[in-house]
Amino acid sequence: QQKRALLWCVLVAAWEAAWGQLRYSVPEEMPKGSFVGDVAKDLGLELPALRERDLSILDRGRTRYFALHGKTGHLVTAERIDREQLCEGVQRCVLRCEVIVEGEMQVYGIEVEITDINDNAPSFREAETELRMSETTAPGSRFPLARAHDPDSGRNSLQSYELSGDEHFSLAVQAGPGGEQRPELPELVLEKSLDREKQRNHHLILTAVDGGDPARSGTTQIKINVTDANDNPPVFTKEIYKVRLLENVPEGSLAFQVKATDGDEGTNAEITYSFSDIANSARQLFTLDSRTGDVKVTGPLDYEEGKYYEASVEGKDGGGLSAHAKVHIDILDVNDNAPTISLLPILNPIPEDSVPSTVVAVINVRDRDSGDNGEVNCNIDGDLPFRLEPSSENTYKLIIASTLDREKQSSFQLVLTAVDGGDPVRSGTIQVHVNVTDLNDNAPVFSKSNYESRVRENLPAGSLVLRVQATDADAGSNGRVSYSFGNVPDGVRALFSVDSDSGEVRTAGPLDFEEKSKYSFALEARDGGGLVAHCKVQIDITDENDNAPEI
């Protein structure tokens, strides 16, 4: 069977629909990493360009079922998918996700239909069913039998029943709702009158067959016990009990009651209630009191997990006669889920010269409720130079709304809030910290445009003359300042030096008042980005009595 599933992978159909929607199909139970579709090709992306326009996959549900292959651009399965577990009772099983082309900031919806393989045989809940029939039962009477269950869909699901073992009985099968060909409820039909004195028991085999290739089947044994006359079977007050329950009904609450009456007396009129056919998912949520017919909620109802349940109820009297009724339960949604926000960063930190409309991140909001309860709006709190722009269903782009200036504000704490349309309203928030990186847009600035100092002649080399200081509003290397001489004569360089880091001007050679008493020159401050500022320096030399009189 698994080999057949692998061969079906070749038949996966992929096509690109209008409005940016991609649709693929893949059989269930494929191994992790199986090919689903060539997203890159279907979006018209060449493989060498993928690194420039990275692709990201954004799942809408709790579980990540698909992934993008980074080198090929192929959509592949992220885990083995069980269609029956994922879409029980759903004719067309579709998973949705979104692919984001980051370079173009385009969001494309993807629908992947999970097709069924015949990996389940029909099965009955009970391996053996025991029925009691009165010997006065008229030929042509019908007795509902428990349905077989096959979680597969389409032709792979249950298609027919077969009965063997006794000429007293035949099989009739009701068609599905709306005249569907799929069998809905098998009924045992009495063809010949029963005679308890001749035969007390009858043994039959009921076989359920699906439409797979090859077909699968399951069987249950039916034992008929013939009883003495009990001429009034129970009668339910309704053929179908239709119930509507809010999903927040407390556990232990009475959901509804079934009721049957019997015209007999004594034990033949004592009715015992039971579920004759109910899915495991519903059995975990509801219990039926065999004496009163009360049905109570015994598990947490969740509209998002199950919207509809149905069951068959049997009322059996003390003489073994029974009646059946159907129960349809609709679960109603309440606003019990707050919106959730997920974020895909695109640009963080942000260069301060980024132009308005630059995309910073992609935001996805999700609410598991339905209707107005699941309608979500997202916004940014506060007056900040950012805004949200709707991209696709439940997806927003976080965009720069106005110019940024790192020197005024180097980071932003964004609070995104998603609010649903329920009553009462529920909301979810997420905080996003955004840093702004520096652009070398500020030149150094000297604390003074002119620096003056007086020093005596004959100072030793290395003596401090003065210190210049410049600041730069930029950050990092753009704000780091180094000092040097401007365009000065070589004579100045021979007598003075400037420390590139501290801005200290020191003597480098002997100063002689008698030779020159004043020096003027320019210094410059240069930042790491190459911007320059200039200042003027004037040094006056004072006289020392270093010369004897000459005669």
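The values are calculated or read from the model by the stated rules, or taken from the named source; none is laboratory data. Model, not experiment: these values are computed from the prediction. Neighbour counts are summed over all protein chains in view; Cβ atoms, including those assigned to glycine, are modelled from backbone coordinates with ideal geometry. All accessible areas refer to the heavy atoms of the entire protein, side chains included, with ligands and DNA or RNA removed. Shrake-Rupley method; radii C 1.70, N 1.55, O 1.52, S 1.80 Å.
Laid out as a table, the results:
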item	result
Helix-only mean residue ellipticity at 222 nm for the chain, each DSSP H run of n ≥ 4 adding -39500 (n - 2.57), per residue, nearest 500	-1000 deg cm²/dmol
³J(HN,Hα), Karplus 6.51/-1.76/1.60, whole Hz, each residue of region 513-529, x for Gly, Pro	4, 5, 7, 7, 9, 8, 10, 10, 7, 10, 10, 10, 10, 10, 8, x, x
Candidate lysines for bridging to LYS41, where Cα separation is under 17 Å - those fewer than 8 sequence places away on the same chain excluded	LYS71
Among beta bridges that DSSP assigns inside the chain, antiparallel share in %, nearest 5	80 percent
Calculated over region 100-156: convex hull of Cα atoms, volume per residue (Å³)	162 Å³
Accessible surface of the chain, 1.4 Å probe, proportion on carbon and sulfur as whole %	46 percent
For the chain: accessible area per residue (Å², 1.4 Å)	53 Å²
Charge tally in the Cβ shell below 15 Å around GLU314, where Lys, Arg are +1 and Asp, Glu are -1, GLU314 excluded	0
P(r) tail fraction, the chain - alpha-carbon pairs more than 31 Å apart, %	69 percent
Neighbour net charge for ALA260 - beta-carbon separation under 14 angstrom, K R +1, D E -1	-3
Above-threshold pairs, the threshold being 27 Å between Cα atoms, out of LYS192/LYS316; LYS408/LYS536; LYS223/LYS307; LYS238/LYS307; LYS242/LYS316; LYS192/LYS259	LYS408/LYS536; LYS223/LYS307; LYS192/LYS259
Environment charge of GLY165, counting only residues whose C-beta is closer than 15 Å and scoring Lys/Arg +1, Asp/Glu -1	-4
Calculated from backbone phi, Karplus (6.51, -1.76, 1.60) coupling profile of region 286-291 in Hz, x at Gly/Pro	10, 10, 10, 6, 5, 9
Length-normalised contact order of the chain in % [C-alpha pairs under 8 Å, at least 6 apart]	8 percent
5 angstrom amide H check on GLU270, placed H, neighbours 5+ away	GLY318
ILE240, ILE224, ranked by accessible area, largest first (probe 1.4 Å)	ILE240, ILE224
Antiparallel DSSP beta bridges within region 445-542, as percent of all bridges there, nearest 5	75 percent
Cross-link partners of LYS198 among aspartates and glutamates (Cα-Cα below 13 Å; sequence separation of 8 or more within a chain)	GLU135, ASP228
Reach of LYS448 by Cα under 13 Å, taken over aspartates and glutamates that are not fewer than 8 positions away in the same chain	GLU524
Counting all C-alpha pairs of region 441-533, share separated by more than 21 Å (%)	34 percent
Square roots of 5 times each gyration tensor eigenvalue, C-alpha, region 329-382, largest first, Å	35, 10, 8
Tail weight of P(r) past 20 Å, computed on alpha-carbon pairs of region 340-437, percent	37 percent
